[in-house]
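Okay, structure first, notes after.
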Amino acid sequence: MATNGQYLEGLNPEQREAVISTEGPLLVLAGAGTGKTRVLTCRLAHILENRLAYASQILSVTFTNKAAREMRERVGELIGPEVEGLQWLGTFHSIAAKILRIHAELVDLKSSFTILDTDDQIRLLKQVIKAENIDDKRWTARYMASLIDGWKNKGWTPDKITSNEAFKFADGKGRKIYEIYQSRLKTLNACDFGDLLLHNLTLFMNNPDILKRYHAKFKYLLVDEYQDTNVCQYLWLRLLAQGSHNLCVVGDDDQSIYGWRGAEVDNILRFEKDFPGAKVVKLERNYRSTGHILGAASGLITSNQDRLGKTLWTEDELGEPVTVTGVWDAPAEARIISGEIENWRSKGRAYNDVAILVRASRQMRSFEERFIQLGLPYRVIGGPRFFERQEIRDAHAYIRVLVSETDDLAFERIVNTPKRGIGQTSIQKLQTAARMMGVSLEMATREIIKTDEIRGKARSGLRAFIMDIDRWRREAVDTKHTEMAERILDESGYTQMWRDNKDAKSAGRLENLKELIQAMGEFDTIGAYLEHVSLVLDVETGPQEDEISLMTLHSAKGLEFPMVFLPGWEEGMFPSQKSMDESGLAGLEEERRLAYVGITRAREQAKIYFAANRQVYGSWQSSLPSRFIDELPPSHVEAGSDTPYYETQKYVSAAASNFTESFEPKAAASSRGQYNSPGWKRYQNNKGKSLNRGPKEIEGRAVRRPAKQKASIFKVGERVFHQKFGYGTIKAAEGTKLTVAFEKAGEKKVMDSFVERS
């Protein structure tokens, strides 16, 4: 435990100034790797050791529970048991919930209110939308939930929703749905996560005496990651800071990358205006990266107009320059990077030291396949592996059903995905019938839709699904397998299901489905592709201690690695065309901040790649190097050395012209003869082999061959009992299908597996 100011030892002058400047508003502009967490914890220790306030008089806000736990642990190491008095150290939501429970009655709630999760929120909205007679297929509850979340992030109660905003849902009914939803929440004594802060705003603005109580309570306020605050969080902090004015915020405008989920970089940019007399301390000395890495990142970010301005520096050596390498296409990119990783490993370095940071999750597929082929261990951070993603497994199930009428696991996975009105009870009946008849689920379904076991929407849904399967199998005979897969996903409603789902991950799922179609194009038949997938999944092993990290740039914030690979730096990919189309210059600047974050994750080496060609939605397109490459300062960057693309195409863009002279062609990574792992050998031995389930087999199934009818164990005239229809007498028997005259339900067709002798 550090006492008597020992926590100040080892701080640089700027860090020390940020720690001891306790009075008045303070902005600590902390660049990547400059020790901001140490500044926050030392500042807390300084306030407590110097008795400037009791622990219970400090409000310290973080964005994640993990950050809050880490801060509490580190402060505890400095000051000991006194850390237990930090009752108001936590996330925005946890602290807001604590305040709300104390004063719940002032916003028409009870202190025992429930906090709804996303599923409960959507379920409640479905009820509201249905009650208002709105087409819930066109205007989904999930989309309305995303709108409400966005409005609450801006601090908007229903009465503040403009007509333009209201027209984002059901032709102007957005405000009304929001009002009804909020009313229903209060009736249920519940709130969602957005309400926690929104109700706090209402509480403080409508009850000045309550706000004054918290002004007197909190003598010091500390906020971490201030650049990531949304409008509602900003307003909440401003209200609380009106008391002592001792508000210290720590953040980095150059690392504000969450605008898509409501973060407002303007909050940190206008801090000095919002809090007159504010002091600004810039932490620019970096303790993470080499000089070349910092020089490249700092040079890039200067192209942004909306920033406060700082330049990272280090006393360490310059190290190796950031490299920029042009490649022919995505597979070549994966080959070259995997070769670099193997070279890194051959020098005694760990896989754990390596990270590949991509702009979009769909880029991961080529790397995952390459790593599996070579037997390189890897982990996907922030999500499942490509072939384990929900949308990919669903799509594979549709393809498997196309080529096999006996794949029960695939059939069961998609029979009600998207929703066809086929509930779990109906599926259990199908499973029972299949077991009794000794046939597959698909064959049992073909029989049961002819009877009355399953009725109404479930039976019509099953009948339509079987008709779709038959049509797809007929069409597959003369249709290219990639086109057929795309058609199935479209006609089944699966693609539309994700288009209608306004969850933040839905756009990524749609991109992954397009990447899947592209992956199928690398094989001659559906059978060959499915064989490849089975090999890929079979080769995978469980978690290992030493693995390459593969993740998106957004997931990488706050992490660091000795070696960082940054693939896909092309116009449209990075910066993202979607971000620029939706947000213009602001979107471009956020993309540039994302590039800055990516480069500054590297401690020793950062390697950037761009491809001359990308397959986009099934067709090859030429691509230009990212404008960010042209913005990198040449003094800190050099051309990569493994670039057959430059030698074969003689393509030199303006963006890459600074780097072309130093390229030295080498053999492609795939020809190095290094790949002798068991996984690679197995892949090579089986690559391209089909499952013997190609077009010919599908063609053979185009004409239905009825299964041989098995005689029923029941006879005409027997009295039987059915769980649903009651008692009755068998009038006719055709195979396993019975016609029964039930005493109360009348004459019905049923499967014999669903009746018993009475």
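The values are calculated or read from the model by the stated rules, or taken from the named source; none is laboratory data. Because the structure is predicted, anything quoted here is derived from the model rather than measured. Positions of Cβ are generated from backbone atoms using ideal geometry, with glycine treated the same way; all protein chains shown enter the neighbour counts. Remember, those area values only see protein heavy atoms, side chains included, never the ligands or the DNA or RNA. Shrake-Rupley method; radii C 1.70, N 1.55, O 1.52, S 1.80 Å.
Does the stretch 199-261 classify as rounded, prolate or oblate by the C-alpha gyration tensor (a ≥ b ≥ c root eigenvalues; a/c under 1.5 gives rounded; else a/b over b/c gives prolate, otherwise oblate)?
Oblate, because a/c is 1.5 or more while a/b does not exceed b/c.
Would you work out if the stretch 1-135 is rounded, prolate or oblate? Take a ≥ b ≥ c from the square roots of the eigenvalues of the alpha-carbon gyration tensor; rounded if a/c is under 1.5, else prolate when a/b is larger than b/c, oblate otherwise.
In terms of gyration-tensor shape, prolate.
In deg cm²/dmol, rounded to 500, what helix-only [θ] at 222 nm does the chain give when every DSSP H run of at least 4 residues adds -39500 (n - 2.57) and the total is split over its residues?
Result for the chain: -13500 deg cm²/dmol, rounded to the nearest 500.
If you project the alpha carbons of the stretch 95-220 onto their three principal axes, what span does each projection cover, largest first, in Å?
Each principal axis gives a Cα extent; for the stretch 95-220 these are 50, 29, 21 Å.
Tell me the angle of helix 231-241 to the major Cα principal axis of the chain, expressed in degrees between 0 and 90 and rounded to the nearest ten.
40 degrees
Is any residue of the stretch 2-43 close enough, with backbone N under 16 Å, to a label point placed 7 angstrom from the Cα of HIS245 along the Cα-Cβ axis, and if so, which?
22-27
Considering the dipole of the chain built from charges on the beta carbon (Lys and Arg +1, Asp and Glu -1) around the Cα centre, which of TYR234, PHE523, ALA350 is farthest to its positive end?
Of the candidates, PHE523 comes out farthest on the positive side.
Grab the beta carbon distance between GLU82 and ASP581, set R0 = 41 Å, and tell me the FRET efficiency rounded to 0.05.
Using R0 = 41 Å, I get an efficiency of 0.20.
Which percent of Cα-Cα pairs in the stretch 20-98 sits in each 5 Å bin, short to long?
Calculated P(r), rounded to whole percents: 3, 15, 25, 27, 20, 9, 1.
Classify the stretch 551-614 as rounded, prolate or oblate, taking a ≥ b ≥ c as the square roots of the eigenvalues of its Cα gyration tensor: rounded when a/c is under 1.5, otherwise prolate if a/b is larger than b/c and oblate if not.
Here the stretch 551-614 falls in the oblate category.
For the chain, with all protein chains present and a 1.4 Å probe, just round the carbon and sulfur fraction of the accessible area to a whole percent.
Details: 15820 of 33240 Å².
The value for the chain is 48 percent carbon and sulfur by accessible area.
Could you provide, to the nearest whole Å², the per residue accessible area of the chain with probe 1.4 Å?
Per-residue value: 44 Å².
Starting from the exponent 0.38 and prefactor 2.2 Å, build the expected Rg for the stretch 326-438 from its residue count and divide its actual Cα Rg by it.
1.53
With the calculation restricted to Cα positions, what are the radius of gyration and Dmax of the stretch 176-230 in angstrom?
14.7, 41
Over the Cα atoms of the stretch 73-120, Rg to Rh with Kirkwood Rh, two decimal places? Present the calculation step by step, with values, prior to reporting the outcome.
Details: Rg = 15.0 Å, Rh = 13.0 Å.
So for the stretch 73-120, dividing Rg by the Kirkwood Rh gives 1.16.
What full-extension length gain, to one decimal in nm, is calculated for LEU308 and THR729 as 0.36 nm per residue of separation minus the Cα-Cα distance?
Length gained, LEU308 through THR729: 143.0 nm.
Using a 1.4 Å probe and ignoring any ligands, DNA or RNA, find the accessible area of ASP524 and quote it in Å² to the nearest 10.
140 Å²
Output wanted: per-residue J couplings in Hz (rounded whole) for the stretch 314-327, from phi through Karplus 6.51 cos²θ - 1.76 cosθ + 1.60, θ = phi - 60°, x for Gly and Pro.
Once θ is set to phi - 60°, the couplings for the stretch 314-327 become 8, 8, 6, 5, 5, x, 8, x, 5, 9, 10, 10, x, 10 Hz.
Using the Kirkwood formula on the Cα atoms of the stretch 312-380, what hydrodynamic radius do you get, in angstrom to one decimal?
About 13.8 Å for the stretch 312-380.
What FRET efficiency, computed as 1/(1 + (r/R0)^6) with R0 = 45 Å and r the Cβ-Cβ distance, is obtained for GLN390 and THR22, rounded to the nearest 0.05?
0.35
For the chain, what is the charge dipole size about the Cα centre, in debye to the nearest 20, if Lys and Arg each add +1 at the Cβ and Asp and Glu each add -1 at the Cβ? Intermediate values should be presented prior to the final figure.
Values: 107 positive and 104 negative charges, 668 e Å.
Value, rounded to 20: 3200 debye.
Between LYS217 and ARG474, 0.36 nm times their residue separation minus their Cα-Cα distance comes to what?
That works out to 85.1 nm of additional length.
Rg to Rh for the chain: what is it, with Cα atoms only and Rh by Kirkwood? Don't jump to the answer; show the numbers that get you there.
On the way: Rg = 31.1 Å, Rh = 30.0 Å.
Taking Rh as the inverse mean 1/r over Cα pairs, Rg/Rh reads 1.03.
Hey, got the dipole for the stretch 595-636? About the Cα centre, +1 on K and R Cβ, -1 on D and E Cβ, debye to the nearest 20?
140 debye
Multiply the residue gap between ASN189 and MET467 by 0.36 nm, knock off their C-alpha separation, and tell me the result in nm, one decimal place.
95.4 nm
Send over the semi-axes of the stretch 258-399's equivalent ellipsoid, whole angstrom and largest first, taken as the square roots of 5 times the C-alpha gyration tensor eigenvalues.
After scaling each eigenvalue by five and taking roots: 37, 24, 13 Å.
In debye, nearest 20, what is the charge dipole magnitude of the stretch 399-545 about its Cα centre with +1 on Lys and Arg Cβ and -1 on Asp and Glu Cβ, if you could check?
960 debye
Using only Cα atoms, locate the centre of the stretch 106-179 and the centre of the stretch 332-360, then give the distance between them in Å, rounded to an integer.
46 Å
Can you give the FRET efficiency for TYR287 and GLU743, using 1/(1 + (r/R0)^6), R0 = 56 Å, r = Cβ-Cβ distance, to the nearest 0.05?
0.10
Put +1 on the Cβ of every Lys and Arg and -1 on every Asp and Glu Cβ in the stretch 371-459; which of THR432, THR417, THR406 then has its Cα farthest towards the positive end of the dipole?
It is THR417, whose Cα lies furthest towards the positive end.
What is the P(r) of the stretch 364-407, as percent of Cα-Cα pairs per 5 Å bin from 0?
Going out from 0 Å in 5 Å bins, the stretch 364-407 shows 5, 20, 22, 18, 15, 13, 7, 1 percent.
May I ask for the distance between the Cα centers of the stretch 81-96 and the stretch 244-272, given as a whole number of Å?
Each part's Cα centre sits 21 Å from the other's.
When all C-alpha to C-alpha distances in the stretch 463-567 are sorted into bins of 10 Å, what percent of pairs does each bin hold, rounded to whole numbers?
P(r) over the stretch 463-567, rounded to whole percents: 11, 29, 33, 19, 7, 1.
Would you please name the chymotrypsin sites (Phe, Trp or Tyr not before Pro) within the stretch 42-123 that are DSSP coil residues with at most 16 other C-beta atoms within 10 Å of their C-beta? Mind showing how you got there, number by number?
Details: sites: TYR54, PHE63, TRP88, PHE92, PHE113; in loops: TYR54, PHE63, TRP88, PHE113.
The qualifying sites are TYR54.
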